[in-house]
């Protein structure tokens, strides 16, 4: 049975027709991944931060489960010395690409406007380091941030874990790990078009099998690199693929956004639904006609501007209000 997908937004469709955005149909092999890592290096450098005279930048290395983890700490030079909100950022890249500064520009604008401290984590990438390397690295960095909140000038009760694409899935996984390992409660989770489900069987994955900036075919290949030999089986952990979690109680409030015309649509909607079923507050946006990463690759489009403003207003609103109560699991 055929499942035609909702069409792309008219502005985004025009962008997709430009040569530089033409989908690359080559196989998602290790050799191709290495090539792509080199191609995105211009978007991964510290100059994105150091060229901004209003920002301070420092790096720390902290112990992880099996690997030292590097964190970038970024803040406005005029930020007050204590009780600031913090955003713990996990970068995207399909579990195989990018670094802690990959396409970080939008978040720099956000922290300056909010008066927040940003901590961005470097995690090990597949296929060299399959699961659970990435989520464990991200968890280690978060625990360091929580433990050192006073030294960082942070209000430990207002820490938000955030990420886009693979980073969104890892953010959800880290929130689950933090809950189950009895870490300090997180304030919120910001999941931007999150990569949540290794099974890749949803209607939206089938609708965009070969269309868009991130396709169903590429998605399966990326998961195969992160979960070699076990993707789609019952051996996959909820921390590596959070869509598999049945109990989402005792998690922080969430903002989940996704394109309505991309493979991750259905898993994002299902995750928000499961949060609601477990009594957790979640705000969900499925942006009509948006392909994966629309706000990064087409920041001037109307839909990107609306979604960016909506996300910022949510952050502004929750940081001005007391934390949502944690709802215990049903007995």
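Which of the residues spanning segment 275-309 are assigned to a helix (DSSP H, G or I) and under 15 Å from the mean Cα position of the chain (by Cα)?
294, 295, 296, 308, listed by residue number.
Of the conditions (1) surrounded by fewer than 20 Cβ atoms within 10 Å (Cβ to Cβ); (2) under 18 Å from the mean Cα position of the chain (by Cα); (3) within 22 Å of residue 214 (Cα to Cα), residue 312 satisfies every one except a single condition; which number is it?
(3)
I'd like to know if segment 126-135 contains one or more residues that are surrounded by fewer than 23 Cβ atoms within 10 Å (Cβ to Cβ) and not in a loop (DSSP other than H, G, I, E, B).
Yes, segment 126-135 contains a residue that is surrounded by fewer than 23 Cβ atoms within 10 Å (Cβ to Cβ) and not in a loop (DSSP other than H, G, I, E, B).
For segment 157-167, state whether one or more residues are in contact (Cβ under 8 Å) with a residue 40 or more places away in the chain and over 19 Å from the mean Cα position of the chain (by Cα).
Yes, some residue in segment 157-167 is in contact (Cβ under 8 Å) with a residue 40 or more places away in the chain and over 19 Å from the mean Cα position of the chain (by Cα).
Give segment 163-185 a look and list any residue that's in contact with a helix residue (DSSP H, G or I) (Cβ under 6 Å, 6 or more places away or on another chain), outside any helix (DSSP H, G or I) and within 21 Å of residue 123 (Cα to Cα), or say none.
163, the sole residue that qualifies.
I'd like to check which strands (runs of 3 or more DSSP E) are fully inside segment 57-125 and have at least 2 residues that are farther than 27 Å from residue 320 by Cα.
In segment 57-125, the matching strands (runs of 3 or more DSSP E) lie at 68-76.
Kindly indicate the residue of segment 1-55 that is outside any loop (DSSP other than H, G, I, E, B) and in contact with a strand residue (DSSP E or B) (Cβ under 8 Å, 6 or more places away or on another chain) and also surrounded by the fewest Cβ atoms within 10 Å (Cβ to Cβ) among those meeting that condition.
50
Residue by residue through segment 182-202, note down the ones that are surrounded by fewer than 24 Cβ atoms within 10 Å (Cβ to Cβ), under 17 Å from residue 145 (Cα atoms) and touching a residue at least 12 places away in the same chain (Cβ under 8 Å).
Hits for segment 182-202 are 183, 184, 185, 187.
Of all residues in segment 56-74, which are under 18 Å from residue 158 (Cβ atoms) and either surrounded by fewer than 15 Cβ atoms within 10 Å (Cβ to Cβ) or in contact with a helix residue (DSSP H, G or I) (Cβ under 7 Å, 6 or more places away or on another chain) (or both)? Step through it out loud before you land on a result.
Here is the first cut: in segment 56-74, the residues under 18 Å from residue 158 (Cβ atoms) are 73-74.
Result: 74, single match.
Out of 234, 155, 211, 224, which single residue is in a loop (DSSP other than H, G, I, E, B) and at pLDDT 95 or above?
After applying the criteria, what remains is 234.
Being in a helix (DSSP H, G or I), crowded, with 20+ Cβ neighbours inside 10 Å and touching a helix residue (DSSP H, G or I) at 6+ places or on another chain (Cβ under 6 Å) is the requirement here; does residue 205 meet it?
Considered against the rule, which asks whether it is in a helix (DSSP H, G or I), crowded, with 20+ Cβ neighbours inside 10 Å and touching a helix residue (DSSP H, G or I) at 6+ places or on another chain (Cβ under 6 Å), residue 205 comes out as yes.
Test of understanding: among 272, 321, which residue is out of contact with any helix residue (DSSP H, G or I) (no Cβ under 8 Å at 6 or more places or on another chain) and not in a loop (DSSP other than H, G, I, E, B)?
On inspection, the qualifying residue turns out to be 272.
The values are calculated or read from the model by the stated rules, or taken from the named source; none is laboratory data. Bear in mind that the values here come from a model prediction, so they are computed numbers and not experimental data. Note that we place each Cβ from the backbone using ideal geometry, even for glycine, and neighbour counts take in every protein chain shown.
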